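One structure is given below, encoded as structure tokens.
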Amino acid sequence: MSISNLRRRLHHGDVDGRKNEHVDISSADALNEPLLGSSHDNGGSEVYDPRRQDLWDDDRKKEQLHWSFLFSNLIAQWAQWLANIIVGSGAFFGRLLPFSLDNQSNPVYLSPLQEERLNTLRRRLQIPFDGSRIEHQDALRQLWRLAYPTREIPPLKSELWKEMGWQGTDPSTDFRGGGLISLENLIFFARNYPKSFQMLLNKVQGQRSDWEYPFAVAGINISFMLIQMLDLQSTVPSSKSGIRFLELLGRDENAFDHLYCVAFRLLDAQWLVKRASYMEFNEVMKSTRTQLERELVLEDVLAVKDLPSYTMLDK
């Protein structure tokens, strides 16, 4: 894809044009003024005169008390009716509205399938990378095999790992908060989108800076960015993109991994458009997140493959 086409994709009409963005207008209706304003607009105040007659006669007082009594009874009956429903259906509401107490303005409704897949994803997030575990070591070797099919797998501590974009000779020291899932994301990328993976790994597209971003470490940062953006470590997905992701997860159990691949490809595209160098990596990461957030809330996005940036991925 040419740079001109790339720029055109990054300025998709529904994204930067923000034609379909959801705008939060909840604060616009906040009550900054009393519901009933003062009848004295001239700013003066009325002084109470104890000698004047009451404004209400006895008949009007009685009528007011009567209607107040009827209204109070109505409110009491309605409250009792609502309480009976809540008490009788507590288990049902507890399943349908697991986040309602923490997110009362926008309760999140999870189907059993969504709940199961979200819990599975969260269990993945809780697994730290442990270089002493055989299965984690095997995962690193598998990543090397996918990245360099014709080369011999190096020892777990070797200068050769730097060629993949690890910062040191021991990749296990670079995971930090990324956890095992960041390694799984890289493996998923290499398996499902090998052309794009190899293109980003070997930096074969576009005019590059002399000081490029390290591929593997960038991948770990992307995993961490997505976890934050989608609120996956919170009880409540408070962001619009996090709530939309739950819908995508209901349609595809690998939605997070596919979204990771889109994010990595988009980051590289932003990198080229901005002609960035290593010192600007955080800036490019922020713009990548902003672009993803805009695309996720587009009304016609029902799956990760509907994202405008998905079209940049090659299998």
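Summary of values
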read-out	value
Cβ pairs under 6 Å, 6+ apart, first in segment 300-315 and basic (Lys, Arg), second open to solvent by less than 20 Å² (accessible area, probe 1.4 Å)	Lys315/Tyr193
Number of the exception - Ala263 against (1) small (Gly, Ala, Ser); (2) at pLDDT 95 or above; (3) farther than 12 Å from Leu292 by Cα	(3)
Helices (runs of 4 or more DSSP H) enclosed by segment 232-299 - at least 3 residues per element that are open to solvent by 40 Å² or more (accessible area, probe 1.4 Å) and over 18 Å from Ala216 (Cα atoms)	240-251, 281-296
Matching residues in segment 209-231 - criterion: being open to solvent by 50 Å² or more (accessible area, probe 1.4 Å) and farther than 30 Å from Leu249 by Cα	Asp210, Trp211
Positions within segment 191-207 being touching a residue at least 60 places away in the same chain (Cβ under 8 Å), open to solvent by 10 Å² or more (accessible area, probe 1.4 Å) and on the phi < 0 side of the Ramachandran plot, in sequence order	Asn192, Pro194, Lys195, Met199, Gln205, Gln207
Residues located in segment 300-315, provided they are in a helix (DSSP H, G or I) and touching a Phe, Trp or Tyr at 6+ places or on another chain (Cβ under 8 Å)	Val304
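The values are calculated or read from the model by the stated rules, or taken from the named source; none is laboratory data. Here the structure is a predicted model, which means the values were calculated and not measured. Because the Cβ atoms are built from the backbone with ideal geometry, glycine has one as well, and the counts that use them run over all protein chains shown. Protein only, heavy atoms only, side chains kept; ligands, DNA and RNA dropped before computing areas. Shrake-Rupley method; radii C 1.70, N 1.55, O 1.52, S 1.80 Å.
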